[in-house]
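Comments concern the structure below.
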2 protein chains.
Amino acid sequence: MSEIKIITLFEKILDKSSIITGDKLKLRFYHIWKTDIPLESICLLLPKDTNEVSAILRICNDNNQEIVIHGGLTNLVGSTKSSKNQVVVSLEKMNKIIEIDEKGKTVTCESGVIIEDIITSVREKDLLLPLNFGARGSAQIGGAVSTNAGGLRVFKYGMTRSLVLGLEVVLPDGTVISSLKKLIKDNSGYDLKHLFIGSEGTLGVVTKVVLRLYKHPKTRYTSLAATNDYEKVLKLLNFMEDKISNNLTAFELFWNDTYKQMVSDKTMYNKYLTDNYKYYVFIEYMGGDFDNDYNAFEKVIMEVLDKGIVKDAVLGKDEKEQLNIWGIREDVAVLAEERKFDQHFDISIPIAQIGEVIDKIIIELKSCKGVETIFPFGHVADGNIHFIIGKDSDDNDLKSKINEIIYSNTELVKGSISAEHGIGLDKKKYLIKSRSKDEIELMKVIKKSIDPKNILNPGRVF
Amino acid sequence: MSEIKIITLFEKILDKSSIITGDKLKLRFYHIWKTDIPLESICLLLPKDTNEVSAILRICNDNNQEIVIHGGLTNLVGSTKSSKNQVVVSLEKMNKIIEIDEKGKTVTCESGVIIEDIITSVREKDLLLPLNFGARGSAQIGGAVSTNAGGLRVFKYGMTRSLVLGLEVVLPDGTVISSLKKLIKDNSGYDLKHLFIGSEGTLGVVTKVVLRLYKHPKTRYTSLAATNDYEKVLKLLNFMEDKISNNLTAFELFWNDTYKQMVSDKTMYNKYLTDNYKYYVFIEYMGGDFDNDYNAFEKVIMEVLDKGIVKDAVLGKDEKEQLNIWGIREDVAVLAEERKFDQHFDISIPIAQIGEVIDKIIIELKSCKGVETIFPFGHVADGNIHFIIGKDSDDNDLKSKINEIIYSNTELVKGSISAEHGIGLDKKKYLIKSRSKDEIELMKVIKKSIDPKNILNPGRVF
């Protein structure tokens, strides 16, 4: 079908203002960090409700038209890239928070709502949406669901998957699968939502979501601690789990270069600890007891200092200090801005082996000509480590060499090549390092049964 | 194919002792509570490893032979019933705990291991498997995974689904899908395990499982509290979430008749609270602080008494008292033994509406001739209520009438007809009260793509 004809079909179901074509496409982009690269697409569509999404998909399915879905464009594996002969659908107009149920502790919203907006809105009702990661100010909830986003509080609250109670999804043929229930427990038939969560928009377009919320903790304290020995990082985690397990909401790790960069002149963050330790651990404590929580947390921090488990530690006394400490952890875009060319990684490694594996990777990376900066950091309590690697060029050989170093070392310890970012287009080649041929074959069987014409986010994942 | 021929094929791949046929089948049964009804089946097979399961399935698939899978036979929806022309496979010989990883906090085991055995084994390493329900002494982990079992600690730790890190599954055609990773985070492609968890063995046979464990809490305290007003039950929950949220591991509710029965002459349990209140709440507190936890818990219990949120309360001082309190909650088989004929229910209701909905259901049930006892109880914090209803006969009209009362009232408030037990054979007729036609159609598409000959646990779910 010609481009013009398919646009004519869209014009029958959408307002003119919801169809972006021609030169106006040049003002759109496919990634929030690549705003200098204009979008390639037949057109970009901006549906305003589920019915419009359904009608768009029906047209595309009937006409074998490939389609790529856009959320907040913060994905790091090329999932939102499109080509000239594909249609792009952005869910940005579907940005209503439909209901906050205070008694039942749920929020129901459209998929285009920005995560930070949900966090802020439910906070006003003394409720917590524990989903929390660096891109929350741009990322949309539909994207987080489609990619099963992780973040800083997975250790305690689980991935996005654990927070989704209900889902409304449009299948490639336009069928709306709606199950917007607020139930924590529902074993009535297959739990279909798990098909769509984490399948990167290849099986359906998420249009509405019901999320589980928690009572907002009354207290939040943060500590930053330093040590030179990975075994002591593990000891520290073990000690915290023993003493304050129920209140431990985050346990994050920086390597020296990463810390150094985050407290350098390039940021506004205060350097609470000197930058000469090998490891820096960010610990978050949340509780319900105003009177005693600070003292309880301070006590365990004093203990780990006394026992020599950590070399130095600081405890955020007030809001300002806490913001500073978490700013260092979260504001990692700074690490990507260091070089024009970079590669991002997001691997899972069995926790006991993280120290040695990352040391080995760093040595191998340093021997690569063209690698200039190496910034590892991550959610160590759940085994997930990120890397941002700055390079002097976009050379393909260098790219492959770096991928090979990271993924082979991951495969050796039965890790995952993608802990939370997904596979998208960029990691397809390496999927076989995490999953067996039979597993990938089964993924294809599922994809084919739900999207037989392969029109929806084609080429993603496998 | 004739019965004899298919048995001949099994004889080529299994020891004679692993094939039970003829009169010996009379000593087997399809449910742990129905031991007076012998099994109907061509034969019962007892594979001893994954390869044998795979070989059995290949034979069945090649010969269009229907097959029913047996775990611990504690399922409450008829999932393990078979007919004379079906083959039954029991996983009871696959009962090895393969590895307990203390540092990584995981356990890897075969699917036929009894849940209580896992709990006990990991307890010795100071680890907790939070999966906990009445039938844990008989139920096998493979069954718990296949049905996404719930239980007493879902509020804090989630359903079985949340505890499964890795899975090995045999597909209907004999293909082994193995992903026995120990990773908390793995977004490398579709998360296939969620297809098999909760699909009641209709998509594959679970053969091995990796489960996430937690540090075993140092302290465990239990309280039993009573009130006459459902709003106060909600207030109590709210108060607990505010004050001891992180330590609250169970919050269970009994109605008066249920409590009365459990502390009657028919059991050995002490009646710590008089039996004249409408509601009894079981509260479990787990923590990491030997010195202060008992006092912290006692303080909030005193507060709810002082504030009049509860009328009376008792706190289990020692192991013996705690066992008594939890025995009342867990030993619910007693409720089923009260009458020869009974019906069991397992519904989810939005938590704010539980009080009124259950009152309404009880009134309607009482007006049914033939209903003799009504025992509601459940996991109120996650909206899941069970009913055991004793009757004077097995009359089909009465059965339908009772189903109709329970399920229509559930449907009215957008609840679920099965919170944790699943659908099996017994609840198929009512699936449409919880799920839309399009949802059920999609379940069938998935089933057909993975089990095109419909040989595996046929007729279950839909």
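Please treat every number below as a calculation from the coordinates, not as lab data. Every value quoted in this text rests on a predicted model; they were computed, and no experiment measured them. Because the Cβ atoms are built from the backbone with ideal geometry, glycine has one as well, and the counts that use them run over all protein chains shown.
So, R0 is 60 Å and r is the distance between the beta-carbons of A:Cys368 and B:Glu3; what FRET efficiency does that work out to, to 0.05?
0.40
How would B:Leu431, B:Leu213 line up from fewest to most surrounding beta-carbon atoms within 10 angstrom?
Lowest to highest Cβ neighbour count: B:Leu431, B:Leu213.
For the pair B:Asn270/A:Lys340, report the inter-label distance in nm, with labels modelled 7 Å from Cα in the Cβ direction.
Computed distance between label sites B:Asn270 and A:Lys340 equals 7.9 nm.
Hey, if you put +1 on the Cβ of every Lys and Arg and -1 on every Asp and Glu Cβ in the protein assembly as shown, which of A:Val145, A:Ile114, A:Met286 ends up farthest toward the positive end of that dipole?
Ranked along the dipole, the leading option is A:Val145.
With a sphere of radius 12 Å drawn around the Cβ of B:Glu231, what net charge do the other residues whose Cβ falls strictly inside it have (Lys, Arg +1; Asp, Glu -1)?
+2
Projecting each Cα onto the charge dipole of the protein assembly as shown (Lys/Arg +1, Asp/Glu -1 at the beta carbon, about the Cα centre), which of A:Asn95, B:Ser18, B:Val206 comes out farthest on the positive side?
Of the options given, the answer is B:Ser18.
Using a/c under 1.5 as the rounded threshold, could you call region A:335-421 rounded, prolate or oblate? The axes a ≥ b ≥ c are square roots of the C-alpha gyration tensor eigenvalues, and prolate needs a/b larger than b/c, oblate otherwise.
Since a/c reaches 1.5 and a/b is larger than b/c, the shape of region A:335-421 is classed as prolate.
With +1 on the Cβ of every Lys and Arg and -1 on the Cβ of every Asp and Glu, and nothing else charged, how large is the dipole of region B:333-421 about its Cα centre, in debye rounded to the nearest 20?
With only Lys, Arg, Asp and Glu charged at Cβ, the dipole is about 160 debye.
Just to confirm a number: summing +1 for Lys and Arg and -1 for Asp and Glu over residues other than A:Ser138 whose beta-carbon lies under 12 angstrom from that of A:Ser138, what do you get?
Result for the local shell: -2.
Only bridges with both residues in the protein assembly as shown count here: give the DSSP antiparallel percent, nearest 5.
90
Quick one: B:Phe290, B:Phe10, fewest Cβ neighbours within 10 Å first, how do they rank?
Least to most surrounded, the residues fall as B:Phe290, B:Phe10.
Using the Cα centre of the protein assembly as shown as the reference point, and only Cβ charges (+1 on K/R, -1 on D/E), how large is the resulting charge dipole? Debye, rounded to the nearest 20.
Dipole about the Cα centre, nearest 20: 1660 debye.
Neighbour counts of other C-beta atoms within 10 Å: give me B:Trp33, B:Trp326 arranged from fewest to most.
Least crowded to most crowded, the residues run B:Trp33, B:Trp326.
Need one number: nm distance between label points at A:Asn256 and B:Asp36, each 7 Å from Cα along Cα→Cβ, rounded to one decimal.
7.6
Would you tally the net charge around A:Ser416, using a Cβ to Cβ cut-off of less than 14 Å, leaving A:Ser416 out, and scoring K and R as +1, D and E as -1?
+1
Cα centroids of region B:406-455 and region A:226-282: how far apart, whole angstrom?
Distance between centres, Cα-based: 48 Å.
How far is it, in nm, from the label point at A:Asp23 to the one at A:Asp359 when both lie 7 Å from their Cα along the line to the Cβ?
Modelled inter-label distance: 6.1 nm.
So the label point sits 7 Å from Cα along the Cα-to-Cβ vector; using that for B:Lys448, what distances do you get to the other copies, in nanometres, sorted shortest first?
Ordered by distance, the counterparts are at 1.5 nm.
One decimal, nm, shortest first: give the distances between the label point of A:Leu425 and those of the same position in the other copies, each label point 7 Å from Cα along Cα→Cβ.
Spacings between copies for this position, smallest first, are 5.2 nm.
Let me understand region B:39-79 better: what is its radius of gyration from the alpha carbons, and its Dmax, in angstrom?
11.5, 31
To the nearest 0.05, what FRET efficiency results for B:Glu231 and B:Asp394 with a Förster distance of 30 Å applied to their C-beta separation?
Efficiency computed from Cβ-Cβ geometry: 0.20.
How high is the FRET efficiency from B:Glu124 to B:Asp331, r the C-beta distance, R0 25 Å, rounded to 0.05?
Working from the Cβ atoms, E equals 0.50.
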